[in-house]
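To keep things clear, I will list the structure first and then write my remarks on it.
Bear in mind these aren't lab numbers, they're just calculated from the coordinates by the rules spelled out. What you see is a predicted model; the values in this text were computed from it and never measured. Backbone-built Cβ (ideal geometry, glycine too); neighbour counts: all protein chains shown.
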Amino acid sequence: MTATLMASIAVNRFGLGARPGELGAAGADPKAWLARQLKDKASFAVKPGTLPTTRAAALALGTYLDAIKDKRSGAGKLSPEAQEDAVLKPLKPLRDILMAEIEARTLRALTTETSFAERLVLFWSNHFTVSAGKAVSLPFAGVFEREVIRAGMTGTFADLLVASTRHPGMLLYLDQAQSIGPNSVAGKRRDKGLNENLAREILELQTLGAQGGYTQADVTEFAKALTGWSLAGARTRKLVPTAEPGDFVFIDRFHEPGARTVMGKRYAEKDEAQGEAILRDLAGHPSTAQRLALKLARHFISDEPPAAAVEALAKSYRASGGHLPSVHDTLISLEAAWQPEARKFKSPNEFFLSALRLAGLPKIEMKGLVAAYGLLGQVPYQAPSPEGWPDDAASWAGPDAVIKRIEWAQAYSERLGSKLRPEDMARGALGPALSARTAQSIARAEGAAQGLTLALMSPEFQRR
Amino acid sequence: MLPLLTRRAALLATGAFALAGSAGALTLSSQAGERKFVLVILRGAMDGLAAAAPYGDTHYLAARGKLALAGPGETNGVLPLTEGFGLHPNLAFLHSAWTSGALAIVPACASPYRERSHFDAQDVLETGASAVFGASDGWLGRALNAMPPELKRDAVAISGALPLVLRGSASATSWAPSFAPSASDDTLNRLMDLYAGDDVLGPALASAIETSAIASGSGMDGAEGKGRRAGPGAYKGLAEAASRLLSAEGGPAAAVLSFDGWDTHANQGAANGQLALRLAGLDAALRALKEGLGKTWSNTVVAVVTEFGRTVSENGTGGTDHGTGSTAFLLGGAVSGGKFAGDWPGLAPKALFEGRDLRPATDIRSLFMSVLQDHWGLDRAALGKRVFPDAGGVVAIPGLVRT
């Protein structure tokens, strides 16, 4: 394989798509270009600037919850539309946070020189989905990614899992914050109790997987172990007076007393140590290694990745104790990841970012940014469920989705103006991966804008 | 945009794609070909005990606690059915359908799946298999393929991507409201050329061109200003889009709608609240579907299903957790309704599945079989062999569809 084809694969398959000149930058030693990004914390870090900290997000949520408290009663009389509108106004500050987060993440993706690192952030952020689709988790989606995912990329999966489970975004998104052990001090006094949502999704989606060998009893036991994991909010702060809003707190009065048994192992630990011990064992379980290996291989290689590639990643995970840079480094070494034919259909987000990077846009118009993401079907931080966004062509290449991509590509190409050189742009982004057929189609286009539309919608640019 | 037929005819002339069955179906006026089927999937697991409440069950009040609805005639009380059941007060349209004999209710059904993962449960519900990952395509897609070639066998999903239940059918497509200017016909033709030999992009674009022809012909582009809003306010716009596509001349035989947001782990509410809001949205959507279909409604069957039910008791946060049995509705002018189908296992503590969930009494595939067999006329052998090959002894529920 030529070095330029390898550079094209490094930048497009592992990264976010080439910016002008980037193929050359990666070209000398593409594997080293990728590997360099993995161990350096700076590859993953972003400057928060004016974006909210976890505490600021918690304060914004508190203000919102106070504002809607009065509007809840009598809401049943209104039409669904009117009820939605009744909560829209107090929701605006939270939505403003989300818009700023989307803008910041987009700008980062367009300008970063460590786009493999950025792809890994997006991958793990999707694995640990905290969706802004719920009001209570809305202000935390972005800060969760910054303070948990980005910060965790140079450590182990176990540490990442624990950090994720302690963060207010996750605790609120999956209803953990108010889960109360039935035999705890609070549980015995009040008509409140266990909520097993977070425990279930950790087992099913974040660690073992649905086929990973756990039962309903394991879910309930794990949920009981996690009782007391909460955050400092209006009510709980009275219980933990030293905590500031948004801090993780362990509330003893909520915690189900006694030892728990999960996946056949007994956990006699006290307090939050019990839940953390279970989390660390789940991270080390072979089913978790297998599941994460499959997800990574599917994301970077193909929808149906070769078994050998999955096994190599699982082995690396087991051997390194789930050390993420080691596993990511193994990914670079896989032969299957360097096959010339691009087999992954880009997600809407990947398509959008790569199309903007291809033109080397130094800045973007924020007006209409969310509408564009919405048209393409993937607004950042708004995954439809705790499972996160899908990762296969069958989910993204539906007829309607394809026509929406064409419509967006055409509008984008027309806005870029008529002085484009679309064939050069396509070659600059794809290098030798640009097919003769697509090049000819671009050359025969009736104008530059149509030529760029054809380049962006070509089979090779739609894949990576 | 050019008139649709122009674009479509041009594409057909290039031989760039073939539409299985669809072109021939336009000339058919067979009654069976005009029988429409709408599948509504309530994603997230709808609490069936809140939709069709068994208020007459002696264990109802104790089991449901604060989630219990008041009896008929009381403030915010249920809308009375028979056999001690009542519909949620926000389901007024469904209640009128019951009264006019156009609604049948299966009070305790589930797919064969007995775990509690949304994603696996939706997989089983849509593949129609007996276990997770038992098939890679959907039962409705396979059913369309099994239809006699002289009948209409196409379908549309009102969503960006094609849902699993329709995968496997070459004549299924997807459509969602759009706000962007339409792509130029010339560009689409050039892309069709570029996609020759691309087995993902080629068929997807061909299908999209065909469908957008029908939708834009009825002026739908841009008309759905609220259609993209998430949540229960969006259900109605999606149902209106489905009704227009279905009732268009030569419109598809089936439509699939997905309504999200039923995973009510916290603050579910009873007569008012999170779930009540969604039920009101569902009721408005089904009413809009009937009104939009006009006289086509009399030949239509709508199945409203969810991947599993929710716990009978309230959880610690005013909601319910993932359960097992739930309620399914069969609605439409072609439904022989005003009645329940399938057994009711009851809410006695000992009757519950694993001590916490409504025990399923009916395999939900028997409901699908009723539609395919009695509404579309698929023969039993084809159903068993091609559509539900591992359904064992599951058979259609008789008498649910006017034949």
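For chain B, with the dipole built from +1 on Lys and Arg beta-carbon atoms and -1 on Asp and Glu ones, taken about the Cα centre, which of B:A239, B:F388, B:L194 lies farthest toward the positive end?
It is B:A239, whose Cα lies furthest towards the positive end.
Arranged by the count of other C-beta atoms within 10 angstrom, fewest first, what order do B:K350, A:K192 take?
Lowest count first: B:K350, A:K192.
Using the Karplus curve 6.51 cos²θ - 1.76 cosθ + 1.60 with θ = phi - 60°, work out ³J(HN,Hα) for each residue of the range A:282-287 in order, rounded to whole Hz, and write x for Gly and Pro.
4, 5, x, 6, x, 4
Treating only the Cβ of Lys, Arg, Asp and Glu as charged (+1, +1, -1, -1), what charge dipole size does the range A:348-462 show about its Cα centre? Round to the nearest 20 debye.
Magnitude of the dipole: close to 480 debye.
Sorted from fewest to most neighbouring beta carbons within 10 Å, what does the list A:K134, B:K385 look like?
Fewest-to-most ranking of A:K134, B:K385: B:K385, A:K134.
Beyond 35 Å, how much of the Cα-Cα pair distribution for the range B:4-387 remains, as a whole percent?
Everything past 35 Å amounts to 25 percent.
Which whole-number percent is the relative contact order of the range B:4-387 (Cα, under 8 Å, 6+ apart)?
Relative contact order, the range B:4-387: 29 percent.
Out of the DSSP beta bridges found with both residues in the protein assembly as shown, what percent are antiparallel (nearest 5)?
50 percent
Using a Cα-Cα cut-off of under 26 Å, which lysines could be cross-linked to A:K270, ignoring same-chain neighbours fewer than 8 residues away?
A:K188, A:K192, A:K224, A:K238
Could you pull out every residue, at least 5 positions away or on a different chain, whose amide H is within less than 5 Å of the one on A:R463? Hs are placed 1.01 Å off N in the peptide plane, and Pro or chain starts have none.
Under 5 Å from the amide H of A:R463 lie the amide H atoms of A:K346, each far enough along the sequence or on another chain.
Report the label-to-label distance for A:I68 and B:T75 in nanometres (one decimal), using points 7 Å from each Cα along the Cα→Cβ vector.
It works out to 2.5 nm between the two label points.
With each label point set 7 Å from Cα along the Cα-Cβ vector, what nm distance links A:L239 and A:E269?
It is 1.9 nm.
Calculate the spin-label point distance for B:K66 paired with A:K47, positioning each point 7 Å from the Cα along the beta-carbon direction, and give it in nanometres.
If labels sit at A:K47 and B:K66, their model points lie 4.8 nm apart.
Could you list which residues have their amide H under 5 Å from that of B:D137, counting only those 5 or more apart in sequence or on another chain, with H placed in the peptide plane?
Answer set, sorted by chain and number: none.
What full-extension length gain, to one decimal in nm, is calculated for A:A436 and A:A217 as 0.36 nm per residue of separation minus the Cα-Cα distance?
Taking 0.36 nm per residue and subtracting the Cα distance, the gain is 73.0 nm.
Taking the Cβ-Cβ separation of B:A248 and B:N189 as r and a Förster radius of 22 Å, what is the calculated FRET efficiency to the nearest 0.05?
Plugging the Cβ-Cβ distance into 1/(1 + (r/R0)^6) gives 0.40.
Could you put A:W124, A:W396 in order, starting from the residue whose Cβ has the fewest other Cβ atoms within 10 Å?
A:W124, A:W396
Using Cα positions and a limit of under 22 Å, work out the lysines in reach of B:K350, with same-chain residues fewer than 8 apart set aside.
List returned: B:K66.
Hey, got the average number of other protein chain Cβ atoms within 10 angstrom for residues in B:184-193?
The shielding value for this peptide is 5.
Quick one: which of A:K134/A:K346; A:K92/A:K404; A:K265/A:K344 span more than 32 angstrom between C-alpha atoms?
Those over the limit are A:K265/A:K344.
Taking 41 Å as R0, compute the FRET efficiency from the Cβ-Cβ separation of B:S100 and B:V395 and round it to 0.05.
For B:S100 and B:V395, the calculated efficiency is 0.90.
What number results when the radius of gyration of the range A:304-366, computed over Cα atoms, is divided by 2.2 N^0.38 Å?
1.52
Treating only the Cβ of Lys, Arg, Asp and Glu as charged (+1, +1, -1, -1), what charge dipole size does chain B show about its Cα centre? Round to the nearest 20 debye.
The dipole magnitude comes to about 540 debye.
Multiply the residue gap between A:V185 and A:E341 by 0.36 nm, knock off their C-alpha separation, and tell me the result in nm, one decimal place.
Separation in residues times 0.36 nm, less the Cα-Cα distance, equals 50.1 nm.
Out of residues 5 or more away from A:V249 or on other chains, whose amide H comes under 5 Å of its own, with H placed 1.01 Å from N in the peptide plane?
A:S230, A:L231, A:A232
Against the empirical 2.2 N^0.38 Å scaling, what ratio does the C-alpha Rg of the protein assembly as shown come to?
0.93
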